[in-house]
Ligand SMILES: Nc1ncnc2c1ncn2[C@@H]1O[C@H](COP(=O)(O)OP(=O)(O)OP(=O)(O)O)[C@@H](O)[C@H]1O
Ligand SMILES: [Mg+2]
């Protein structure tokens, strides 16, 4: 199989550092770089012994293992042992697949202890303990440079432009902030340690466009970390602007009957179900004027929602998209939980799960100095308001929600990316996803030029005596 290296992969190949961290975005080609480098070393350093590890053996086999057996040229393997998890090149080089901590770090350290290696690779080192890396450092006892030199001599090849192969450990990681990899590779200025920073976009030519489009829709802090590989992104809080008393959190008032209203529901099976009631004023301000937050049966929650909705009409009732899967069987046909809401008297629409709704909520909360506050009637206002007491669960969630370390692995579900309850935030996100374009076209209406200029023109004309 012919492989064209990306620029970042070539940069890694040129490295002669003992310890190299391939750090960066998802899908940026890091694992492939290591697999290709392992294959290259097996080929060019006959007799080398290589360890290729990852925390969890099953994952190692499915990711790097599968890539390796796909990429190694046909006929170059002499033996492949899938019971003891190693393989041997026709020239005698060997590669060992090794778990690095599951089921236990002790068993990984025990396995490493007896080895003599020329090179080691750690896939997803962010999952691993620093002790594994330190144990491997002590195992690099093969004279890789001499083996490589002998190989080139026997092939009559000239001295390599980038120097001979050297013993070393390559690691790759998705940036998880300031972890042990950060301490070793970024903070400590040791010339043996080198970092090549990968971005998803470096590998764009080899990725499906939809994958990149999806990733680019992530909230900015997540995008910065997991697409561009920025270790300093992600300060913790999902929402930079907390809801402020008096600014965002306001005294409840009677919503004028002509304002459009929405309901948005995040469905919980074991967790609470949250329904939000939201109205919009003609200036494009959004008011969360009620919030139901309770666990329990759909029928029971629906009854409470209907009770609180008495006498009101809604543009739409947006329901958690995950509830539309057909899950139960009745009289020979399948029904979903959404059907149960309908049966209980709540007509619902499937909400849009777009994660960038989080970013939009954040934007609605920012205080715009050029905007008049609808209640205080002074300049400086957000566009999203919460009725005091009635929306308190939502306010609490917004204040507490934090990004989780390791959020990269779960792009689709907010709960997997965050720490803290997010039921009400999810419901709000469904609402914002459904109404965002409407809001954008309304919130800054075109100035009425006739109204602005004609009276002045009249004044001017009357002054001139016309
Ligand atoms: N040089 C290349 N030529 C062709 N395809 C490539 C190349 N490098 C990577 N790819 C493709 O890009 C995909 C992602 O690469 P890889 O798995 O190495 O990324 P990664 O950085 O390890 O991602 P993750 O952070 O998700 O583990 C691979 O499955 C492969 O299909
Ligand atoms: Mg990988």
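The values are calculated or read from the model by the stated rules, or taken from the named source; none is laboratory data. In this text the structure is predicted, and so the values were computed from the model without any measurement. A quick note on method: Cβ atoms are made from the backbone with ideal geometry, for glycine too, and the neighbour counts reach across all protein chains shown.
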- Message: So if I check each of 26, 42, which one is in contact with a helix residue (DSSP H, G or I) (Cβ under 8 Å, 6 or more places away or on another chain) and either more than 12 Å from ligand 1 (Cβ to nearest atom) or closer than 22 Å to residue 180 by Cα (or both)?
- Response: 26
- Query: Taking the stated definitions as given, is residue 175 within 14 Å of ligand 1 (Cβ to nearest atom), in a loop (DSSP other than H, G, I, E, B), over 23 Å from residue 362 (Cα atoms) and not assigned by TED's automatic domain parsing to the domain that holds residue 352?
  - Reply: yes
- Note on the structure: Over region 24-34, the set of residues out of contact with any strand residue (DSSP E or B) (no Cβ under 9 Å at 6 or more places or on another chain) and not in a loop (DSSP other than H, G, I, E, B) is 32
- Those residues of region 1-19 which are within 16 Å of ligand 2 (Cβ to nearest atom) and crowded, with 17+ Cβ neighbours inside 10 Å amount to 6, 8, 9, 12
- Query: What is the number of the single condition among (1) in contact with a helix residue (DSSP H, G or I) (Cβ under 6 Å, 6 or more places away or on another chain); (2) in a loop (DSSP other than H, G, I, E, B) that residue 157 does not meet?
  - Reply: (1)
- Query: In the list 56, 134, which residue meets the criterion of being in contact (Cβ under 8 Å) with a residue 12 or more places away in the chain and under 32 Å from the mean Cα position of the chain (by Cα)?
  - Reply: 56
- Task: Mind checking which helices (runs of 4 or more DSSP H) fall wholly inside region 370-466 and carry at least 1 residues that are modelled with pLDDT under 80?
- Result: 414-417, 423-443, 449-463
- Task: May I ask you to verify whether residue 122 is under 24 Å from residue 2 (Cα atoms) and within 16 Å of ligand 1 (Cβ to nearest atom)?
- Result: no
- Residue selected from region 29-39 under the condition in contact (Cβ under 8 Å) with a residue 60 or more places away in the chain and near ligand 1 (Cβ under 7 Å from one of its atoms), by the criterion surrounded by the most Cβ atoms within 10 Å (Cβ to Cβ): 30
- Given the residues 121, 151, which is the only one that is surrounded by 22 or more Cβ atoms within 10 Å (Cβ to Cβ) and within 22 Å of residue 167 (Cβ to Cβ)? 121
- residue 22 vs. criteria in the same structural domain as residue 205 (by TED's automatic domain parsing), surrounded by fewer than 18 Cβ atoms within 10 Å (Cβ to Cβ), modelled with pLDDT of 95 or more and within 16 Å of ligand 2 (Cβ to nearest atom): no
- Message: Going through 75, 118 one at a time, which residue ends up being touching a helix residue (DSSP H, G or I) at 6+ places or on another chain (Cβ under 6 Å) and closer than 26 Å to residue 154 by Cβ?
- Response: 118
- Can you tell which of 341, 314 is in a loop (DSSP other than H, G, I, E, B), surrounded by 13 or more Cβ atoms within 10 Å (Cβ to Cβ), over 28 Å from the mean Cα position of the chain (by Cα) and in contact (Cβ under 8 Å) with a residue 24 or more places away in the chain? 314
